[in-house]
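Have a look at the structure below, then the notes.
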Amino acid sequence: MIGRTATARERGFTLVEVMVALAVLLVVTSAAVGVYVTGFRSDSKTMLSTEGSQVLAGIGAQITQHQLDVADGSSQLIIYAQGPSPQPVTVSPAPTSCNSYLQTDHQHLCATVTNLDDFDPTTSSGSSLLANPMRHYSIQVCWTIQGGKSCADANTLY
């Protein structure tokens, strides 16, 4: 029909329909971005936790292989670069504690290795498990994530 006028439906969408469609799109996009950001943060936490565990295991191995020796009753701070295989780094000036260091640097892991003096199993358990006293080390590795501090702890005897 040549002389026929187009109805409202044939002309396109109304402003209300377009606004509703945009609102639905905005809600769906916001939810998707929220899930992505949460997953990314969780992945970062897991990665740093894994790196902290690697540092703990590495320090424990150095102690039992006599590659790391800390005097009785003393502590030593070791700073590690973050990454797939954390490596010790030298920082200047040398930090005095992990707490103060991590407040200013968020790109490293900070380990405190403390020699808790001799451990004598014959006096602590009442029976002779081992013939010789052992060294008792406490290891704490800390890092910063999302404005907070997380740590992993371990003890080792050799």
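Values quoted throughout were computed directly from the atomic coordinates according to the rules given, and no laboratory measurement underlies them. Keep in mind that what you see is a predicted model, and the values were worked out from it rather than measured. Methodologically, a virtual Cβ is constructed for each residue, glycine included, from the backbone with ideal geometry; neighbour enumeration extends over all protein chains shown.
Each of CYS151, CYS110, CYS98 was scored by other Cβ atoms within 10 Å of its Cβ. Listed from fewest to most, they are CYS151, CYS98, CYS110.
Spacing of the modelled spin labels on ALA61 and SER74, each 7 Å from Cα toward Cβ, amounts to 2.5 nm. Between SER44 and MET19, the distance separating the two model label sites (each 7 Å from Cα on the Cα→Cβ line) works out to 3.8 nm. Counting other Cβ atoms within 10 Å as a rough exposure proxy, the listed residues HIS136, HIS108 run HIS136, HIS108 from fewest neighbours to most.
Put simply, the amide H of ARG135, placed in the peptide plane, has neighbours under 5 Å in PHE119, TYR158, leaving out anything fewer than 5 places away on its chain.
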